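Student: Dropping a structure here in structure tokens format, bear with me for questions.
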Amino acid sequence: MKTILNEHHLSLTIQRLCHQILENHLDLKDTVLIGIQPRGIYVSDRLVRELKKELPGQPVNYGLLDITFYRDDVRKQLLKANHTNINFTVENKHVILVDDVLFTGRTIRAAMDALLDFGRPASVELCVLIDRRFSRQLPIQPDYIGKSIDSFQSQKVKVFWKEKDGAEEVVLM
């Protein structure tokens, strides 16, 4: 097991992602952040907290998206559904999808399919904490990357969060 990001570096990475988003979206009035269930919400929760620190008093539209029944592997196993909480329109908005690890791209494809049930966005960007380059099965690339890593197919990237796992780090196993 190798540590990719320790707790301190993880915090700095979230701050950097927040600033990169603000460089491209000076006014969040027409921008929405959507965390992909289940593990992307930990990254998106942190990003939203950082954005609110940087833009005090300005509302940040933030939702959670469950992609369970949009996945192409749902027929292979019985999956437990999470919940979707999007109480605003995405119609003509700039949507930033947020996930923890980008691997094959299939989760993001499912998220884009699910997102269209809520309207037609003006644009969709992708923000990921970890980009596992060279492992894509679909032509999907992130716009905001916390850290890019090269890894073997057999390896796993695990992101630990205090709220869920009691520790805070990213490891390669």
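Student: For the stretch 149-173, what are the residues that are part of a strand (DSSP E or B) and either within 18 Å of residue 47 (Cβ to Cβ) or acidic (Asp, Glu) (or both)?
Tutor: Within the stretch 149-173, 159, 160, 169, 170 meet the criteria.
Student: Name every residue in the stretch 126-145 that is touching a Pro at 6+ places or on another chain (Cβ under 9 Å) and either among the aliphatic types (A, V, I, L, M) or at pLDDT below 95 (or both), in order of residue number.
Tutor: Applying the first criterion (touching a Pro at 6+ places or on another chain (Cβ under 9 Å)) to the stretch 126-145 yields 126-128, 131.
Selection gives 126, 128.
Student: What do you reckon, is residue 50 acidic (Asp, Glu), over 27 Å from residue 136 (Cα atoms) and touching a helix residue (DSSP H, G or I) at 6+ places or on another chain (Cβ under 6 Å)?
Tutor: Numbers: acidic (Asp, Glu): yes; over 27 Å from residue 136 (Cα atoms): yes; touching a helix residue (DSSP H, G or I) at 6+ places or on another chain (Cβ under 6 Å): yes.
Judged against the criteria, residue 50 is a match.
Student: Would you pick out the residues in the stretch 162-171 that are modelled with pLDDT of 95 or more and of a type in the set (A, V, I, L, M, F, W, C)?
Tutor: Scanning the stretch 162-171 gives 170, 171.
The values are calculated or read from the model by the stated rules, or taken from the named source; none is laboratory data. Since we're looking at a predicted model, the values are computed, not measured. Glycine gets a Cβ as well: all are built from the backbone with ideal geometry, and neighbour counts include every protein chain shown.
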